[in-house]
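Quick note: the coordinates plus some simple rules give every number you see, no bench work behind them. Not measured: the values here are computed from a predicted model. Virtual Cβ from ideal backbone geometry, glycine too; neighbours counted across all protein chains shown.
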Amino acid sequence: GLPEFVTVKEVGPRDGLQNEAEQIPTEIKVEWMNLLSEAGYSSIEFSSFVHPKWIPQLKDAKQVAQQMTRNPNITYAALVPNRKGLEAALEADIDEVAVFMSASETHNLKNINKTIEDTFPVLKEVIEEAKHHNKRVRGYVSTVFGCPYEGEVRISQVLQVCQQLIDMGVDEISLGDTIGVADPLQVEQFLKTIEGKMDFSRLAMHFHNTHGMALANTLVSLKLGITIFDSSLGGLGGCPYAKGASGNLATDDLVHMLHKMGIQTGIHETKLKEAALFIQQAIQKELPSHQMQIYNRM
Ligand code: HMG
Ligand code: MG
């Protein structure tokens, strides 16, 4: 059966904006975060504490953290790749540290400049230190359903990476379809294979919508017991020029589908629209979600 409630985690301010070519002014990000913070989310990933040369779009993570108005009901999360990132994240007093790595060797190397083997000790230290400071820790695993460099990724390899992250103490795992290549049958087969080997109540799905299959993949996941989904408002982040970077599943489309099916999210659709219109105006280009396409043509 289907769940009564689904947790929708907003990642647009991080995953969406990291793929926007243009630099968005800090005050616009702060204003957007303040709008998002009124929409009923329980979790928003607002930025990344990564190297500014790698992701210049998010180099103002600390300023955003300090200037946004925090809603006490919301967990404010950010990506943290290493100890240096953690120090900055702790100074900014974020609620949740999101560590990240890939299930495929080449993507891991290109994304964080380390082999998978060399990544574990770095993340172990970050997780221990974050826990020591009473922070929640989320662990992202990328390229779960396919790698832009290696193609197919074995489920056993994904499981191995997840298990190590769990052993190191992450509270939740988010499985990334980084380049949006998963199809519903693949997702079904994948989840049936890992069922019983992983705790589905601490498992999130992170679909990108490159081929328009993210909602279908979500429905399959829902039916198999997944209740946490990552999404980006308006489908922000689609970038046709960067290989492997495509927009996330759109929050507004996801929430609309869930509500239409009678599944609660705690999120207010009118507030979502307000926040989507705001960021659409700021990036000066139409957001790709179905909800926004309908709105823009009205
Ligand atoms: P590196 O160059 O190997 O780092 O980068 P290093 O440890 O060798 O240090 C080199 C220099 O960087 C040093 O400075 C460090 O201080 C500095 P120098 O002494 O030369 O002046 N440095 C930093 N500066 C600021 N913040 C830091 C930091 N760390 C080192 N945290 C590193 C390694 C991981 C830092 C780099 O590769 C990086 O920043 N990568 C970020 C990649 C990224 O953000 N990718 C996108 C997010 S992942 C994603 O989108 C997937 C996801 O959505 C799920 C899915 O869809 O699958 C999550
Ligand atoms: Mg992503």
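Observations
- Working note: Karplus 6.51/-1.76/1.60 with θ = phi - 60° gives segment 14-30 the couplings 9, 5, x, 5, 5, 9, 8, 4, 7, 7, 8, x, 3, 5, 5, 4, 5 Hz, where Gly and Pro are set to x.
- Value of [θ]222 nm, deg cm²/dmol, for the chain, DSSP H segments ≥ 4, -39500 (n - 2.57) each, nearest 500: -12000 deg cm²/dmol
- For S42, the residues whose amide H sits under 5 Å from its own are V8, ignoring neighbours fewer than 5 places away on the same chain, with H placed 1.01 Å from N.
- At R0 = 30 Å, FRET efficiency that the Cβ-Cβ distance of A216 and E22 yields, to 0.05: 0.45
- Dipole in debye (nearest 20) - the chain, about Cα centre, beta carbon charges: Lys, Arg +1; Asp, Glu -1: 160 debye
- Amide H contacts for S47 (H built 1.01 Å from N in the peptide plane; partners 5 or more residues away or on another chain; cut-off under 5 Å): L79.
- Summed side-chain charge close to S221 - residues other than S221 whose Cβ falls under 13 Å, Lys, Arg +1, Asp, Glu -1: -3
- Cα gyration tensor shape of segment 86-182, rounded if a/c is under 1.5, else prolate or oblate by comparing a/b with b/c: prolate
- Basic side chains Lys and Arg get +1 at the Cβ, acidic Asp and Glu get -1 at the Cβ, and with that the dipole of segment 157-298 about its Cα centre reaches some 320 debye.
- P(r) of segment 44-142 over all Cα-Cα pairs, binned every 5 Å from zero, in whole percent: 2, 14, 25, 25, 19, 10, 3, 1
- 3J(HN,Hα) couplings calculated from phi for segment 251-259 with the Karplus curve 6.51 cos²θ - 1.76 cosθ + 1.60 (θ = phi - 60°) are, in sequence order, 4, 5, 5, 4, 5, 4, 4, 4, 4 Hz; Gly and Pro show x.
- Among 67-77, 175-185, 48-58, the order from most to least packed when residues are scored by Cβ within 10 Å on average: 175-185, 48-58, 67-77
- Dipole of segment 166-298 [Lys/Arg +1, Asp/Glu -1 at C-beta], most positive-end residue of S231, H206, T270: T270
- Here the 3J(HN,Hα) profile of segment 151-166, calculated from phi with Karplus coefficients 6.51, -1.76 and 1.60 at θ = phi - 60°, is x, 4, 10, 6, 4, 4, 5, 4, 4, 4, 5, 4, 4, 5, 5, 5 Hz, Gly and Pro shown as x.
- Alpha carbon convex hull of segment 3-61, volume per residue in cubic angstrom: 87 Å³
- When you work out D = kT/(6 pi eta Rh) for the chain at 37 °C and 0.692 mPa s, using the Kirkwood radius from C-alpha pairs as Rh and the Stokes-Einstein form, the result is 174 µm²/s.
- Whether segment 215-298 is rounded, prolate or oblate, judged on the alpha carbon gyration tensor where a/c under 1.5 counts as rounded: oblate
- Residues whose amide H comes within less than 5 Å of that of T178, counting only those at least five positions distant or on another chain, are T143, V144, F145 (H built at 1.01 Å from N in the peptide plane).
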